[in-house]
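A short worksheet on the structure shown next.
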Amino acid sequence: MIDSTLTRGSALGVLAAMLSACGHLPVAPPAFEEMAVQRTGLPADWTLAPMSGDASGVIADYSVFGDAQLTGFLKEALDNNRSLKAALESVRQSEAFLKQTRSGLWPSLRAGAGVRSSSLTNDLSFDSETYSFDVTGAYSLDIMGDLSASIQASTAGLRSTEATYELARRQLGAQVARAYFAVIEQQLQLELDRRALARAVDTYRITQTRFDAGSAARDELVLGQSTLASSEDNVIASEASVRTAIRALEILLGRFPTNALKIGAALPEPPQAPPLGMTELTIRARPDVVAAEFNLIQAFANTQVAKLSRWPQLDGTVGLGLANRTIDTTENLFDFDNLAMTLGLSLAQSIFDGGAISGRIEAAEASKRAALQRYGQTVIDAYGSIVNAVDQFNTLQSRSKSLQTASDAARETVRLSELRYNEGSQNLLDLINVRERADLQESILISNRRARIDQWIVLHQALGGDPSKATPVATQADTAEGR
């Protein structure tokens, strides 16, 4: 005779062993361990090459532009941009997928009612009506844990989609700001070209007068004419550049490009560099890294679901059922005296499937490894983009002082050359060369200021955006039962 206590104990032991290998095992911890391995070698500080020259004021306080028109454009873009709206719909779709998956945690309840009339074919006057009412309720137990793993996968997918949306939002803000300042830069370049054109017109008028008086050679007159035509061409090209920049901004705002924007602001001094913070926390707060981490957790959970399919499928169900039938009357149709409760337990195992299960597991494992490698590369790319952005920002800041000095000196050279030309002690060719060099220096200075603003935006973006509104770093609690 077999001892019943021993039998029950053995059964419980087998069940415990099965559950220890099924989907109730935590998914997130192994994923976070693999993430830590991929971050191995991440420098503890920001390795920047030392710079020569005056680097004072290169990195300073973090501030905002304080531009009301830019703020309005940012709000308009966030409200109207179609691509951002599409990204938001992806978040809602992921929320719906999670809701669909989590529905397995709840019982299902179904009710139905009907009536049927029947009669004899040889006596149509004789008929009867049958009324029916049924209620069915069922609840499936997640014994093996595949539902739990699926919920963790869907939750991680939602968190990844949310981070991707946040990344798209910040990228759009950066694009709008850069496009806005690009318009201002092009307007300043156009203003510079128009001043050059006005000088060319004035110089050509003086040269024409001198030529008519016989005090200037024809080569000076032709040179002045050539310079005037070239200046006119520069103005036409700059006007086209302004229109192109405005259209690009209008598209980002969600408008049809009509060149209707009026922007009168000047290029501000670039805000001071944002604080870098600790490398790991800064990098892991970037939306793209957050999305990669949750993608990896999702891959681990999907692999868990795939592995469960090779185990015997143990299913438990609890149900309530009621089926009433009455003939020619609805009396007692809704009587619940016959409500029945059912308990079910089934065990099933695939014997041969031609390698389908093993193929799904291998595919899931490959997907997990790919997600792991993508995560590792994302971390490396994030660190590299931050270091490059800081270095470029510092370089542009250091160049600005020298460029300002060069531009001021070139302006003074123009003033002196114009005095000598008006006195007749300097020829037109030398004056034109001096003016072109001065205009070039001023143009470079304008481009440098815009580039510093642009690079600040790049650095701001590389650091994950506003540090006070950083994307939350992924934690194991973010994937627990879909919470």
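The values are calculated or read from the model by the stated rules, or taken from the named source; none is laboratory data. What you see is a predicted model, and the numbers here were worked out from it, not measured in a lab. So basically every Cβ, Gly included, is an ideal-geometry build from the backbone, and we count neighbours across all protein chains shown.
Could you identify the single residue in Thr227, Thr258, Thr244 that is at pLDDT 85 or above, outside any helix (DSSP H, G or I) and of a type in the set (Val, Ile, Thr)? Step by step, each of Thr227, Thr258, Thr244 is checked, and only Thr258 is at pLDDT 85 or above, outside any helix (DSSP H, G or I) and of a type in the set (Val, Ile, Thr).
Among the residues of region 252-270, those identified as more than 20 Å from Leu445 (Cβ to Cβ) and loosely packed, with under 15 Cβ neighbours inside 10 Å are Phe256, Thr258, Asn259, Ala260, Lys262, Gly264. Every listed requirement among (1) loosely packed, with under 12 Cβ neighbours inside 10 Å; (2) of a type in the set (A, V, I, L, M, F, W, C); (3) free of Cβ contacts under 8 Å to residues at least 24 places away in the same chain is met by Val222 save one, (1). Given the condition within 30 Å of Pro268 (Cα to Cα) and either assigned to a helix (DSSP H, G or I) or not β-branched (Val, Ile, Thr) (or both), answer yes or no: does some residue in region 200-219 qualify? Looking through region 200-219, at least one residue is within 30 Å of Pro268 (Cα to Cα) and either assigned to a helix (DSSP H, G or I) or not β-branched (Val, Ile, Thr) (or both).
Being at pLDDT 75 or above, of a type in the set (S, T, N, Q) and more than 30 Å from Asn338 (Cβ to Cβ): is that true of Ser90 here? Yes: the conditions hold for Ser90. Only one entry in Tyr165, Tyr139 is out of contact with any Asp or Glu (no Cβ under 7 Å at 6 or more places or on another chain), surrounded by 12 or more Cβ atoms within 10 Å (Cβ to Cβ) and closer than 30 Å to Arg325 by Cβ, namely Tyr139. Residues of region 232-246 include at least one that is of a type outside the set (Val, Ile, Thr), under 28 Å from the mean Cα position of the chain (by Cα) and surrounded by 15 or more Cβ atoms within 10 Å (Cβ to Cβ).
With respect to Asp381, is the statement that it is within 18 Å of the chain's Cα centre (by Cα) and without any contact (Cβ under 8 Å) to a residue 12 or more places away in the chain true?
yes
Residues that are of a type in the set (Lys, Arg), free of Cβ contacts under 8 Å to residues at least 40 places away in the same chain and in a helix (DSSP H, G or I) were ranked within region 79-115; the one that is nearest to Phe133 (Cα to Cα) is Lys99.
Is it fair to say Ile151 is among the hydrophobic types (A, V, I, L, M, F, W, C), in a loop (DSSP other than H, G, I, E, B) and under 30 Å from Ser346 (Cα atoms)? Please lay out each step first, then the result.
Values: among the hydrophobic types (A, V, I, L, M, F, W, C): yes; in a loop (DSSP other than H, G, I, E, B): no; under 30 Å from Ser346 (Cα atoms): yes.
Here the answer is no, as Ile151 does not meet what is asked.
Looking at region 344-353, can you tell me whether even one residue there is out of contact with any helix residue (DSSP H, G or I) (no Cβ under 6 Å at 6 or more places or on another chain), farther than 22 Å from Ala149 by Cα, at pLDDT below 85 and of a type in the set (Gly, Ala, Ser)? Scanning region 344-353 turns up at least one residue that is out of contact with any helix residue (DSSP H, G or I) (no Cβ under 6 Å at 6 or more places or on another chain), farther than 22 Å from Ala149 by Cα, at pLDDT below 85 and of a type in the set (Gly, Ala, Ser).
Here Ser417, Ser402, Ser425, Ser443 are screened, and the one residue that is more than 27 Å from the chain's Cα centre (by Cα) and outside any helix (DSSP H, G or I) is Ser425. Residues of region 132-149 that are over 39 Å from the mean Cα position of the chain (by Cα), modelled with pLDDT under 75 and of a type in the set (Val, Ile, Thr): Val135 alone.
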